[in-house]
1. Can you tell me how many residues in segment 22-61 are outside any strand (DSSP E or B), over 19 Å from Gln11 (Cβ atoms) and more than 11 Å from the chain's Cα centre (by Cα)?
2. For Arg73, are the conditions met, namely being open to solvent by less than 90 Å² (accessible area, probe 1.4 Å) and at pLDDT below 85?
Amino acid sequence: MVDRLRSAAEQLEAPICPDCHLEMKWFRSELLADEPTPVIAHLFVCPHCKRAAQANTVFRGGQTTPDKLSAPRFTASAA
């Protein structure tokens, strides 16, 4: 999950405040949904008027669920 957050933050552009026309500053990021599609919300705050904004990163594809789950194999011991 940390790798997803890093990659999302690297490609993120800060929004412009509609009131002050200044670039908003990143405040925090949080996981909104993990399954079936991961979504990370990035929260921004205007340094001048303190207005908040949110930008979401939605991850598509790249992850497949396994057809079978792995489990340890138990062998019957001969007695």
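The values are calculated or read from the model by the stated rules, or taken from the named source; none is laboratory data. Only a predicted model underlies this, so the values are computations on that prediction, with no experimental measurement involved. Cβ sites come from the backbone with ideal geometry, for glycine too, and all protein chains shown count toward neighbours. With ligands, DNA and RNA removed, areas are computed over all heavy atoms of the protein, side chains included. Shrake-Rupley method; radii C 1.70, N 1.55, O 1.52, S 1.80 Å.
1. Going through segment 22-61, the residues outside any strand (DSSP E or B) turn out to be 22, 24, 34-38, 46-51, 59-61.
If we keep only those that are over 19 Å from Gln11 (Cβ atoms) as well, we get 22, 34-36, 46-51.
This time we only want the ones that are more than 11 Å from the chain's Cα centre (by Cα), so: 22, 35-36, 46-51.
Selection size over segment 22-61: 9.
2. Criteria not met by Arg73.
The rows are residues; the columns are (1) aromatic (Phe, Trp, Tyr); (2) modelled with pLDDT of 85 or more; (3) at negative phi; (4) out of contact with any strand residue (DSSP E or B) (no Cβ under 9 Å at 6 or more places or on another chain).
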{"position": "Val2", "(1), (2), (3), (4)": "no, no, yes, yes"}
{"position": "Leu12", "(1), (2), (3), (4)": "no, no, yes, no"}
{"position": "Ile16", "(1), (2), (3), (4)": "no, yes, yes, no"}
{"position": "Met24", "(1), (2), (3), (4)": "no, yes, yes, no"}
